[in-house]
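The values are calculated or read from the model by the stated rules, or taken from the named source; none is laboratory data. The structure presented is a predicted model; accordingly, all values stated were derived computationally and were not measured. Don't worry about glycine lacking a Cβ; one is built from the backbone with ideal geometry, like all the others, and counts go over all protein chains shown. These accessible areas exclude ligands, DNA and RNA; they are computed on the full protein's heavy atoms, side chains included. Shrake-Rupley method; radii C 1.70, N 1.55, O 1.52, S 1.80 Å.
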Amino acid sequence: MKKKRAVVLLSGGIDSSTTLFIAKRKGYECHTLIFDYGQRHRREIRSAIDISKAARGRHKLLKISLPWRGSSLIDKTKRLPSARSLKEIKRGIPSSYVPARNTIFLSFALSFAESIGAEKIFIGANAVDFSGYPDCRAPYFKAFGRVIKEGTKAGAQGRKISIEAPLLFKTKSDIVKEAKRLGVPYARTWSCYRGGKRPCGKCDSCILRAKGFEEAGIKDPLLNNE
């Protein structure tokens, strides 16, 4: 019997890593897709590869270029949001937003999924404890589902490829707890936008990660030396 396949978008952070382990638990043969898109550092790429190996996934590292930049994540001349309150983080769309990033990533994932006969695309998007990115919301994924149905050979022939965002409505603490239940190796993940040897603790991603671990009552192994 042929094993069911899934493409999993993997960044190396808590959310995408947990999503990978959820897909694995559901019995999918996981093909992880990791992007080198000119982000500020390669630390998260190394983490994504490590996490994929830990989950026994089959990873592909795809290098793409966004020469027009448009985001502080890929343009070091732009200032990253720093030391913002949780209320500020959830208000508006910050400079770390990469124009149409999830649309770009999902398009590659869709092409990959269709070519290998995968039936699911898993993405670790979250619309609760997040920075307000518009491409992390339920209406966006519903719209992309219509693109899959109307714009692919698989859709035209009635072979369904669907997007799974299992963490979409979970709090960050819910995600941390789920990661622990699934055995996600926290110490191999990376969330900080700045890279380096230790998380900066000030970017939006670090603040949201800290919130999740604190509310879950679990120590973040990346901060164990404090």
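Among the residues of region 202-226, those that are part of a helix (DSSP H, G or I) and buried (at least 19 other Cβ atoms within 10 Å of the Cβ) comprise D204, S205, C206, I207, L208, R209, G212, F213, A216, L222. Is it true that A187 is at negative phi and surrounded by 15 or more Cβ atoms within 10 Å (Cβ to Cβ)? When the stated conditions are applied, A187 does not pass them. Determine if region 35-46 includes at least one residue that is among the polar types (S, T, N, Q) and open to solvent by less than 20 Å² (accessible area, probe 1.4 Å). There is no residue in region 35-46 that is among the polar types (S, T, N, Q) and open to solvent by less than 20 Å² (accessible area, probe 1.4 Å). Do we find that D36 is within 26 Å of P185 (Cβ to Cβ), charged (D, E, K, R) and in contact (Cβ under 8 Å) with a residue 40 or more places away in the chain in this structure? No: the conditions fail for D36. Among the candidates G124, G145, G70, G132, the residue that is within 23 Å of I34 (Cα to Cα), crowded, with 20+ Cβ neighbours inside 10 Å and of a type in the set (G, A, S) is uniquely G124.
Screening I121 with (1) among the aliphatic types (A, V, I, L, M); (2) under 15 Å from G13 (Cβ atoms); (3) in contact with a strand residue (DSSP E or B) (Cβ under 7 Å, 6 or more places away or on another chain) gives one miss only, at (2).
Do we have P99 as farther than 21 Å from K26 by Cα and in contact with an Asp or Glu (Cβ under 7 Å, 6 or more places away or on another chain) here? Break it down into steps so the answer makes sense when it comes.
Numbers: farther than 21 Å from K26 by Cα: yes; in contact with an Asp or Glu (Cβ under 7 Å, 6 or more places away or on another chain): no.
It is false that P99 is farther than 21 Å from K26 by Cα and in contact with an Asp or Glu (Cβ under 7 Å, 6 or more places away or on another chain).
Checking each residue in region 204-226 for being closer than 19 Å to Y133 by Cα and without any contact (Cβ under 8 Å) to a residue 40 or more places away in the chain picks out only C206.
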